[in-house]
Amino acid sequence: ASGFPPVDHTSAVRPPEIVDAAATRGVPVAVAAAFAALALAGAAFTARASVRARRHEVAVLRTLGFLSRQVRGSVVVKSVATMAAALAVGVPVGLIAGRMLWRGFADQMGVVPDPADPWLPIAVAVVGGLVVAAVVALVPAWRAARALPADGLRAE
């Protein structure tokens, strides 16, 4: 009817938007790596700042008989608890935001908005975050355990 011969496609034809979207598969990995680096730096900074802010309390505990390993353990537990609280808020918010963004993107592209929840990578990220929090707290914990109680008590 249009004056052109009919076109017969032997394979599925994808819109250019879909083809272009496939070329950006590395972007989520790069963004995840950047966020992981920021989380690592944030956890290290938080552990260090927490030990510095609680010097007096650590000195009192040492004076009352806390052992070095108990001081180290308390610093590590505080760091892990802080990370657990952050993950308890961040993971659900991230999943909800990701679903909403994906649905908006899929609607614009005209594809089925069937978001996937990759539970294994999420679980690995949660466990990895807790492990990272414990590892980055080791240096501040070691420094807190080696500090003299008199220095912490003299600060006030």
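The values are calculated or read from the model by the stated rules, or taken from the named source; none is laboratory data. In this text the structure is predicted, and so the values were computed from the model without any measurement. Here the Cβ is made from the backbone with ideal geometry for all residues, glycine too, and neighbour counts use every protein chain on show. Calculation scope for accessible area: heavy atoms of the full protein, side chains included, ligands and nucleic acids excluded. Shrake-Rupley method; radii C 1.70, N 1.55, O 1.52, S 1.80 Å.
Points to keep in mind about this one:
- Per-pair calculated FRET efficiency, R0 = 35 Å: Val7 and Ala97 via Cβ, rounded to 0.05: 0.25
- Modelled this way, with points 7 Å down the Cα-to-C-beta line, the labels at Trp142 and Ala23 are 4.8 nm from one another.
- Residues Asp117 and Ala86, FRET efficiency given R0 of 25 Å [Cβ-Cβ distance, rounded to 0.05]: 0.80
- For Thr24, the accessible surface of its heavy atoms amounts to roughly 70 Å² (probe 1.4 Å, protein chains only, rounded to the nearest 10).
- Compared with the direct C-alpha span, the chain from Ala32 to Val131 gains 33.9 nm at full extension, assuming 0.36 nm per residue.
- Projection of the Cα convex hull of the chain, averaged over all directions and equal to a quarter of that hull's surface, yields 13.5 nm².
- The stretch 1-132: relative contact order as a whole-number percent, Cα under 8 Å and 6+ apart: 26
- Area of Trp102 that stays accessible when all protein chains are in place (1.4 Å probe, Å², to 10): 90
- At R0 = 35 Å, FRET efficiency that the Cβ-Cβ distance of Ala49 and Ala106 yields, to 0.05: 0.25
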